1. Averaging over every viewing direction, what projected area does the convex hull of the Cα atoms of region 78-220 cover, in nm²?
2. Given H placed 1.01 Å from N in the peptide plane, which residues other than close sequence neighbours of Arg189 have an amide H under 5 Å from its amide H?
3. If each residue's Cβ is checked for other Cβ atoms within 10 Å, how do Arg93, Arg17 rank with the fewest at the top?
4. Taking θ as phi - 60°, what are the ³J(HN,Hα) couplings along region 159-172 by the Karplus curve (6.51, -1.76, 1.60), each to the nearest whole Hz, with x for Gly and Pro?
5. Within 10 Å, count the other beta carbons around each residue, average over each peptide in 127-133, 137-143, and list them highest first.
6. Counting alpha carbon pairs within less than 8 Å and at least 6 residues apart, what relative contact order, in whole percent, applies to region 134-210?
7. Can you give the angle from 0 to 90° between the axis of helix 44-59 and the longest principal axis of the chain, with both taken from C-alpha atoms, to the nearest 10?
8. As a footprinting exposure proxy, order Trp82, Trp184 by other Cβ within 10 Å, with the fewest listed first.
Amino acid sequence: MVLLPVDGLARYYGESRRRILGLVSELDGKELERQVPCCPAWSVRQLLAHLTASAEEALAGRLLGPPSDEETAAQLAAFAGWPVDRLLEHWERLATSLQPQLAAASAWPLFLDVLAHEHDLRGALGKPGSRDEQAVELAAERLLTWLRPPRAMVVLIGERQFSLGPEGEEAVLLRTTAFEAFRWRLGRRSRNQLLALDWSEDPKVLLDSLCVFGPAPSDIIE
């Protein structure tokens, strides 16, 4: 089990945010309009607007779970036309104000959101990395503990075992990695990709329960 550091989620949120800033720091205007495959209606610029808006929502106590499509559209509209420099400066101020929430480990949706979109951005820019971070392991663990499959299943990540679903029946076994579990739980894999994971038997009865949102409409290669 990955233990939270003394500052709760603040360290992991801050590290992911700084990695995102590094990824976008040298992008030109055209590159900022590049489509993000995991968020097919968004550009890189809109992804940054969403992250800034999510920080605002968390600070106001309104970010309690995944936003609806309508809420996300309102987030993007609120920052439409903002220069990226101004957007990132605003996000910096918000992140500083969010430290108490993050330190108290009471901002899981915000943490999961920034980490997921960091890897969405990496996919869009062709710059994979940071897959072995403790933050990814922690995110995978938390997302798996929230999984409620209709049939017993066991998820193996290295030597770690997650027993999920109804007790008293033979379990379907899935061998995976923390990074893959983190990605498929948040809908960053297609139905075909889910079927192609390392299952002990046909997992079709489980597929509709695996993703918080999704699955992705087409394969996500990253």
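Values in this text are rule-based calculations from the coordinates and carry no lab data. Everything numeric here is computed off the predicted structure, so don't read it as measured data. Note that each Cβ is placed from the backbone with ideal geometry, even for glycine, and that neighbours are counted across all protein chains shown.
1. On the way: hull surface 42.5 nm².
Convex hull of Cα atoms, orientation-averaged projection: 10.6 nm².
2. Residues meeting the amide H criterion: Ala216.
3. Listed from fewest to most nearby Cβ atoms, that is Arg93, Arg17.
4. Rounded to whole hertz, the list is 8, 8, 10, 10, 9, 10, x, x, 8, x, 9, 5, 9, 7.
5. 137-143, 127-133
6. Values: 114 pairs, mean separation 24.9, N = 77.
So the answer I get is 32 percent.
7. 80
8. The most exposed by this proxy come first: Trp82, Trp184.
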